[in-house]
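A.B. asks: If you scroll down you'll find the structure; I have some questions about it.
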Amino acid sequence: MESEAAKDRPYFGRIARLAAGLQWDAPPSSLAQMFERMPRIHELHGGLAAVGVDTESDGDLASHRAFLA
């Protein structure tokens, strides 16, 4: 039986390969530089880079409440 870590290896390997392709070694040094980078970030991450909050869903609120209970 394959361990959870072994199952996750391809996923994290993909993240590492994508991260290696990023062209920035440091966070933006100014607000202007951040805005300059945003088109490339959106290109790389698509919908994950979109600004906003999903107001149509409670997300994982139920699991948090269950944990706290």
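A.B. asks: Just to be sure I understand the filter: pairs with C-beta atoms under 7 Å, separated by 6 or more residues or on different chains, first member in the stretch 12-27 and closer than 18 Å to MET38 by Cα, second member of a type outside the set (A, V, I, L, M). Which pairs pass?
C.D. replies: What qualifies is TRP24/ARG37.
A.B. asks: I've got another one for you. Filter the stretch 2-46 down to the residues that are loosely packed, with under 10 Cβ neighbours inside 10 Å and assigned to a loop (DSSP other than H, G, I, E, B) and list them by number.
C.D. replies: Passing the criteria: GLU2, SER3, GLY21, GLN23, ASP25, ALA26, PRO27, SER29, SER30.
A.B. asks: Within the stretch 43-69, how many residues turn out to be modelled with pLDDT of 80 or more and under 25 Å from LEU18 (Cβ atoms)?
C.D. replies: 1
The values are calculated or read from the model by the stated rules, or taken from the named source; none is laboratory data. This is a predicted model, so every value here is computed, not measured. Neighbour counts run over all protein chains shown; Cβ positions are idealised from the backbone, glycine included.
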